[in-house]
1. Quick one: count up the residues across the stretch 72-120 that are surrounded by 17 or more Cβ atoms within 10 Å (Cβ to Cβ) and either of a type in the set (Gly, Ala, Ser) or farther than 16 Å from Asp59 by Cβ (or both).
2. Select from the stretch 55-65 the residues that are under 14 Å from Arg14 (Cβ atoms) and either more than 12 Å from the chain's Cα centre (by Cα) or acidic (Asp, Glu) (or both) and list them in ascending order.
3. On the basis of being at negative phi, aliphatic (A, V, I, L, M) and surrounded by 24 or more Cβ atoms within 10 Å (Cβ to Cβ), does Ile29 make the cut?
4. Scan the stretch 107-120 residue by residue and report those that are at pLDDT 95 or above and assigned to a loop (DSSP other than H, G, I, E, B).
5. Scan the stretch 66-120 residue by residue and report those that are hydrophobic (A, V, I, L, M, F, W, C) and over 14 Å from the mean Cα position of the chain (by Cα).
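The values are calculated or read from the model by the stated rules, or taken from the named source; none is laboratory data. Fair warning: this is a prediction, and the values are worked out from it, not measured in the lab. Cβ placement follows ideal geometry from the backbone for every residue including glycine, while neighbour counts extend to all protein chains displayed.
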Amino acid sequence: METILIVDEVQTDRESLGKVVTDAGHKAIYAVDGNDAVAKAREAKPSLILMDVVMQGLDGFRACRSIKQDPELAKIPVVLVTSKGSEGDKSWAKIQGADDHVSKPWSPDSILSLIDRYAR
């Protein structure tokens, strides 16, 4: 069982991702914004972070950059799960250190594939 951090300010989106994660036998932990995500990542050292981009305060791009620049967290895979799916957004996500990107609306199979690919 892997611990997966789900970051989204929209409760229903967090819960939907959480259901896929827990139905697959993993533990889901949650953060509501980028600052919360960085703090929870430091505390829990999850196997994978699934993070939205559009959030109040520290957005997903900046939170991803903070996580990837922290030597203690840098190896945790970060997948951006977002409605920002243009080629420019995908390129910017890579520059910020994101390991992958999936566009909303996502399918459970796409999330399970990401978990299989990135969770330790």
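1. Within the stretch 72-120, residues that are surrounded by 17 or more Cβ atoms within 10 Å (Cβ to Cβ) and either of a type in the set (Gly, Ala, Ser) or farther than 16 Å from Asp59 by Cβ (or both) number 14.
2. Met55
3. It is false that Ile29 is at negative phi, aliphatic (A, V, I, L, M) and surrounded by 24 or more Cβ atoms within 10 Å (Cβ to Cβ).
4. Residue satisfying the conditions is Ser107 alone.
5. Trp92, Ile95
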